[in-house]
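This report concerns only the one structure given below.
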Amino acid sequence: NAGVTQTPKFRILKIGQSMTLQCAQDMNHNYMYWYRQDPGMGLKLIYYSVGAGITDKGEVPNGYNVSRSTTEDFPLRLELAAPSQTSVYFCASSYSMGSRELFFGEGSRLTVL
Amino acid sequence: DQQVKQNSPSLSVQEGRISILNCDYTNSMFDYFLWYKKYPAEGPTFLISISSIKDKNEDGRFTVFLNKSAKHLSLHIVPSQPGDSAVYFCAASPQGGSEKLVFGKGTKLTVNP
């Protein structure tokens with residue numbers, strides 16, 4: 001089992017560019033999440049999904065979009081990248097919304113210059 | 001406004017001794033608490049949790065203590081091993097599920113041989 005797989009692991013963007021961070025899980029989890037972690041800070045929830053076709057905003061959704069067309073995949077789209085989006089992004093999944101034990105991917109480090 | 005606070009950014013301990021990591025919270029609605037461990041260049045992994053109806057939960061070398069009146073929890077690692085060197089995140093959530101999970105900033109534990 002690969003668990004939660006994120007790509008790319010590293011990316012440098014110029015201001016105003018757009019990109020998609022990919023996330024896939026093979027554990028058949030319905031619930032998936034995107035977090036960002038800024039240096040010296042805790043993880044902040046960007047978006048989450050309770051199943052295919054259903055997504056909702058977390059604490060810091062501005063500047064991002066998500067979609068969930070399948071159970072396995074939960075891509076995060078950055079539109080018009082800004083330096084404030086420089087961060088490490090973690091995708092996670094859980095088998096239920098009531099389970100607060102999340103399975104995380106290895107992270108994607110994004111730098112916006 | 002930080003609802004989950006880990007006031008010690010770092011902690012250094014000798015191998016074989018006890019490591020105590022502390023966490024304070026402000027939201028009295030939190031009913032479930034977790035510790036995650038994170039190695040460099042990896043995603044966080046779930047370590048141990050405790051429900052608010054308990055004051056202690058033990059799993060091998062790891063024990064979490066909860067003091068609800070003080071809104072304080074701690075993670076004890078006994079005996080500490082060099083492989084325990086990592087960043088430890090405290091997390092908490094109220095009833096309602098994992099989308100409400102709040103993370104602390106983390107404490108970097110170094111266990112010296």
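Calculate the length of the line joining the C-alpha centroid of region B:16-46 to that of region A:1-53, in whole Å. Taking the Cα centre of each part, region B:16-46 and region A:1-53 sit 21 Å apart. In summary, the lysines within cross-link reach of residue A:57, defined as a Cα separation below 27 angstrom excluding same-chain residues under 8 places away, comprise A:9, A:14, A:44, B:5, B:37, B:38, B:100, B:105.
Across all directions, the average flat footprint of the convex hull enclosing the Cα atoms of region A:2-63 is 5.4 nm².
The mean count of C-beta atoms from other chains within 10 Å of the C-beta of residues in B:102-108, rounded to a whole number, is 4.
Packing-wise, with mean Cβ within 10 Å as the measure, how do A:43-51, B:18-26, A:8-16 rank, highest first?
Numbers: A:43-51: 21.2, B:18-26: 19.2, A:8-16: 12.0.
Ranked by mean Cβ neighbours within 10 Å, highest first: A:43-51, B:18-26, A:8-16.
Burial annotation for region A:12-46: residues with an accessible-area loss of at least 20 Å² between the isolated chain and the complete set of protein chains, computed on heavy atoms with a 1.4 Å probe, are A:35, A:37, A:40, A:41, A:42, A:43, A:45. Given a Förster distance of 25 angstrom, what is the FRET efficiency for residue A:28 paired with residue B:41, based on the Cβ-Cβ distance and rounded to 0.05? Computed FRET efficiency for residue A:28 and residue B:41 comes out at 0.40.
Averaged over the residues of peptide A:101-111, the number of Cβ atoms from other protein chains lying within 10 Å of each residue's Cβ is 4. Inter-chain Cβ neighbour count for B:27-34, averaged per residue, equals 1 (cutoff 10 Å, partner chain atoms only). Within region B:23-113, the proportion of C-alpha pairs whose separation exceeds 19 Å stands at 38%.
Chains A and B together bury roughly 1600 Å² of accessible surface, counting both sides and using a 1.4 Å probe on protein heavy atoms.
Taking Rh as the Kirkwood radius, which is the inverse of the mean 1/r over Cα pairs, what is the Rg/Rh value for region A:26-107?
On the way: Rg = 12.3 Å, Rh = 12.9 Å.
Value, to two decimals: 0.95.
Placing pseudo-labels 7 Å out from each Cα toward the beta carbon at residue A:41 and residue B:8 gives an inter-label distance of 2.5 nm.
Overall size of region A:60-113 from C-alpha positions, given as principal axis extents largest first: 37, 22, 18 Å.
The values are calculated or read from the model by the stated rules, or taken from the named source; none is laboratory data. Because the structure is a prediction, the values reported are computed rather than measured. All Cβ positions, even for glycine, are placed from backbone atoms using ideal geometry, and neighbour counts span all protein chains on display. Protein only, heavy atoms only, side chains kept; ligands, DNA and RNA dropped before computing areas. Shrake-Rupley method; radii C 1.70, N 1.55, O 1.52, S 1.80 Å.
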